[in-house]
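Undergrad: Dumping the structure here so I can ask a few things about it.
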Amino acid sequence: MTDEKPADVAARAVRRLTSAILSARAHGAVDPDLAAEISELADLLDAEAVDAVDCISGKVGTHDGALERSPVSGPKNPVAIPLRFELDDDGNASAPAEFPAQYQGPAGFVHGGVSGLILDVAMAVANSGSNRPGMTAEMTLRYLRPVPLHREVTVRGRHLRADGRKMWARGTIEVDGEEAVVCDGLFISKELSL
Ligand SMILES: CCCCC/C=C\C/C=C\C/C=C\C/C=C\CCCC(=O)SCCNC(=O)CCNC(=O)[C@H](O)C(C)(C)COP(=O)(O)OP(=O)(O)OC[C@H]1O[C@@H](n2cnc3c(N)ncnc32)[C@H](O)[C@@H]1OP(=O)(O)O
């Protein structure tokens, strides 16, 4: 038995579908009937969709549900891998990650923009873990070696220091224990409003 919510089950299925469509397309083999069936499913859900930014998040402009809706860690978000971050006693975030085909940049490797996205969230989680949530103001990425698809790597986020509203954090993606991508981020605390 699982206590997974229907929306989470659906999101997981859509992730598998995305990966499967990519790999089927690569071999020129998307069955037309199946494609029509998938489209019908999308029509069905689309008709039920609520036209609001906050439909998976709770209140607009808040941090509520940020982890749940995140395109990186959100089990409700089909675009997410999703990563499950753990915090250690010092507020450092880490998560194992294995990237499927839809995150490809160079053949066989993760797209650099995806690495940036992942590290932004890793740093945000670490900042929040240190009770210092904030908006990303600046990120500097160094790509030291390519990150392979379909292989477990480690994502880390570390809150470094704070000065007033400013916070500095560092995020890394490690492949075989070696840094492959390193990101330095500046975050600014801010009340959100639309
Ligand atoms: C939705 C937010 C969620 C945040 C996460 C929190 C909790 C979530 C819990 C767990 C985490 C789970 C999942 C993670 C979820 C989300 C994480 C993703 C984070 C994002 O995806 S977030 C979207 C991208 N991000 C933006 O959308 C920012 C747009 N932007 C602005 O909203 C403003 O631009 C802002 C607020 C940055 C500053 O504006 P402002 O008016 O409040 O402040 P002001 O300009 O006065 O600057 C004050 C001092 O910061 C310096 N400063 C400002 N910007 C700088 C820069 N770029 N470089 C160097 N220094 C800078 C100034 O120079 C001054 O410094 P000084 O005081 O020394 O003069």
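The values are calculated or read from the model by the stated rules, or taken from the named source; none is laboratory data. Worth saying up front: this structure is predicted, and the values here are computed from it rather than measured. Every residue, glycine as well, gets a Cβ built from its backbone with ideal geometry; the counts of neighbours run over all protein chains shown.
Undergrad: Look through region 153-173, keep the residues that are in a strand (DSSP E or B) and among the charged types (D, E, K, R), and return whichever of them is nearest to ASP184 (Cα to Cα).
TA: Ranking the qualifying residues of region 153-173, first place goes to ARG170.
Undergrad: Only residues in region 123-140 that are farther than 18 Å from LEU83 by Cβ and in contact (Cβ under 8 Å) with a residue 12 or more places away in the chain count as the first member; pair them with residues that are near the ligand (Cβ under 6 Å from one of its atoms) and polar (S, T, N, Q), Cβ under 9 angstrom, at least 6 apart or cross-chain, and list the lot.
TA: GLY134/SER128
So that you can scan it fast, the table gives a plain yes or no per residue for (1) crowded, with 17+ Cβ neighbours inside 10 Å; (2) near the ligand (Cβ under 10 Å from one of its atoms); (3) at pLDDT 95 or above:
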{"position": "SER115", "(1), (2), (3)": "yes, no, yes"}
{"position": "ALA126", "(1), (2), (3)": "yes, yes, yes"}
{"position": "SER130", "(1), (2), (3)": "yes, no, no"}
{"position": "LEU186", "(1), (2), (3)": "no, yes, yes"}
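Undergrad: Here's a follow-up. When HIS150 is evaluated against the numbered criteria (1) part of a loop (DSSP other than H, G, I, E, B); (2) crowded, with 22+ Cβ neighbours inside 10 Å, which criterion, by number, is the only one it fails?
TA: It fails just one condition, (2).
Undergrad: So, of the residues in region 132-147 that are within 16 Å of the ligand (Cβ to nearest atom) and not in a loop (DSSP other than H, G, I, E, B), which turns out to be nearest to GLN104 (Cα to Cα)? Talk me through it step by step, then tell me what you get.
TA: Of all residues in region 132-147, those within 16 Å of the ligand (Cβ to nearest atom) come to 132-141.
Going one step further and asking which of them are not in a loop (DSSP other than H, G, I, E, B), we end up with 135-141.
Details: MET135: 27, THR136: 24, ALA137: 26, GLU138: 24, MET139: 21, THR140: 21, LEU141: 18 Å.
In this case the residue turns out to be LEU141.
Undergrad: Can LEU119 be described as in contact with a Ser or Thr (Cβ under 8 Å, 6 or more places away or on another chain), at pLDDT 95 or above, part of a strand (DSSP E or B) and within 19 Å of LEU186 (Cα to Cα)? Before the answer, list the steps.
TA: Values: in contact with a Ser or Thr (Cβ under 8 Å, 6 or more places away or on another chain): yes; at pLDDT 95 or above: yes; part of a strand (DSSP E or B): no; within 19 Å of LEU186 (Cα to Cα): yes.
No: the conditions fail for LEU119.
Undergrad: How many of the residues making up region 159-184 are surrounded by 13 or more Cβ atoms within 10 Å (Cβ to Cβ) and away from the ligand (no atom under 14 Å from the Cβ)?
TA: Number satisfying all stated conditions: 10.
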